[in-house]
Each structure stands twice: as structure tokens, then as C-alpha cells.
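Colleague: Handing you this structure, nothing more for now.
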């Protein structure tokens, strides 16, 4: 067991034009919460500010500004554009639309919009699992078909 006089919590702030250091220490979380408030008040007194200064709200950056900021920071940036909307028709006249952003997705990927006509002649629209489309791509598990999602009624 160590006999130390150091507190487990410590906070150091730079204050003023000379970047003076102001340090507060505490032994418990509750004590540190109080110490932080005291440090803020003391820092404001040292800077000659009687009330807390809140920065003016900044406008939200545009998409182009956000991408430019990421590129300027040296991080790789890749702009992803939605895929082209592709419509195919099966032998029964049902139309399958791939790439519709309203369709949502399931565990197998983006859903496909299916427009068709039921037996009574009424048209319908459904968001189907990619595994339930005759125009699926690649391997699929026939037993793994997600439930149909229906668009909201208007």
C-alpha cells in the first residue's frame, strides 16, 4: 500500500494572456465537481470577466465546407453518391426498382421497390428484400427472405 499525497483527480487550466496555469485537485467526483465550478469562477476573476462568456453560435457548415475541412485536416475524403436508380420488369409485368432511397434496407442490403398488380387488378407498391427479387445479384439463401415492408399509406 502506497502512502501518497496526490489526489486522484486533477484539472489544470491555462488562464489569461500569459497562459498562467491554474490547478485544482480533489479526492472524490463530487468534490471535483465543486472544484471545477470554483476554478471557472477564479479563472474569470483572473481574466477580469464578471460573467461567463458564451461564444456566438456558428452557422452550420455546408457539405462542401465540411468535406474541405476533412481534406485540409489530412484525412482521406471520399464523397459517396447514391447509385443510379435502375428499373427492371419481370415476365408478369412487375417492376423492380433498385436504388430508391425511400425503400430502406434489411440485413441483406438495400431493399428493392416492387410495383405490381394483385389478382383483383389493384396496383400495389412494396419494399422487398433483395433475396425476393428475380433480379438479385450474386449468391443468396432462398430460405433467408426478409418480410415485406410496405410504404406508409397516404
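The values are calculated or read from the model by the stated rules, or taken from the named source; none is laboratory data. These numbers come from a predicted model, not from an experiment. Glycine also receives a Cβ, built like all others from the backbone with ideal geometry; neighbour counts cover every protein chain displayed.
Colleague: Just checking, does segment 59-75 include any residue being at pLDDT below 80 and surrounded by 14 or more Cβ atoms within 10 Å (Cβ to Cβ)?
Modeller: Kept after step one, since they are at pLDDT below 80, are these residues of segment 59-75: 59-75.
Among the residues that remain, those that are also surrounded by 14 or more Cβ atoms within 10 Å (Cβ to Cβ) are: 67.
Yes, segment 59-75 has at least one match.
Colleague: Looking at segment 137-153, I want the residues that are at pLDDT 75 or above and have a partner that is surrounded by 10 or more Cβ atoms within 10 Å (Cβ to Cβ) and assigned to a loop (DSSP other than H, G, I, E, B) with Cβ atoms under 6 Å, at least 6 apart or on another chain. Which pairs are those?
Modeller: 145/129; 146/129
Colleague: Out of 81, 117, which single residue is at pLDDT below 70 and surrounded by fewer than 16 Cβ atoms within 10 Å (Cβ to Cβ)?
Modeller: Values: 117 fails: at pLDDT below 70.
Being at pLDDT below 70 and surrounded by fewer than 16 Cβ atoms within 10 Å (Cβ to Cβ) holds for just one of 81, 117, which is 81.
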